[in-house]
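FYI, it's all coordinate maths here, none of it is from the lab. The model shown is predicted, which means the values in this text are computed figures rather than measured ones. Backbone-built Cβ (ideal geometry, glycine too); neighbour counts: all protein chains shown.
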Amino acid sequence: QVQLVESGGGLVQAGGSLRLSCAASGRTFSTYGMGWFRQAPGKEREFVAAINWSGDSTYYADSVKGRFTMSRDNAKNTVYLQMNSLKPEDTAVYYCAARHSGSYPDNQSYKYWGQGTQVTVSS
């Protein structure tokens, strides 16, 4: 069992930065691949970024590539999403999730989910 709690969301102007954190409970955290997803009002949840269990491989949606960076600290049971050059279209609730197998961009591959944190980017 893994419990996930996101933090770090908020209101920021376009061009600004935010750093999201996702703290995980459980001693098996380091065995899970992790992902960030987001859901804007009226839209489906979409993949943002993923990282493998060791942290040496990362994957990004084209819409955030070059602006967002995902990392993890297994000693702290935490994953991060550094978001730079934010745009109004990045406005959404951001969720972190944990998976053991399956395709990293597919939300069906993720077994555990946090409650989400709101990110709002003003123009």
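Listing for the model above:
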read-out: Segment Gln108-Val5, extension gain: residue separation times 0.36 nm, minus the distance between their alpha carbons; value: 35.1 nm
read-out: Spacing of the two label points (7 Å from each Cα toward its C-beta) at Asn74 and Ser123, in nm; value: 4.4
read-out: Distance between the range 1-73 and the range 76-123 - C-alpha centres, whole angstrom; value: 4
read-out: Cut-off 17 Å (backbone N to label point 7 Å along Cα→Cβ of Arg67), residues of the range 79-123; value: 81-95, 118-123
read-out: Reference-scaled alpha-carbon Rg (2.2 N^0.38 Å with N residues) for the chain; value: 0.97
read-out: Using θ = phi - 60° and Karplus 6.51 cos²θ - 1.76 cosθ + 1.60, couplings along the range 47-61 (whole Hz; Gly, Pro as x); value: 5, 10, 7, 8, 9, 7, 4, 8, x, 8, 9, 10, 9, 9, 5
read-out: Förster-model FRET efficiency, 35 Å R0, Thr28 and Tyr59, C-beta, rounded to 0.05; value: 0.95
read-out: For the range 54-123: rounded, prolate or oblate by the Cα gyration tensor [a/c cutoff 1.5]; value: prolate
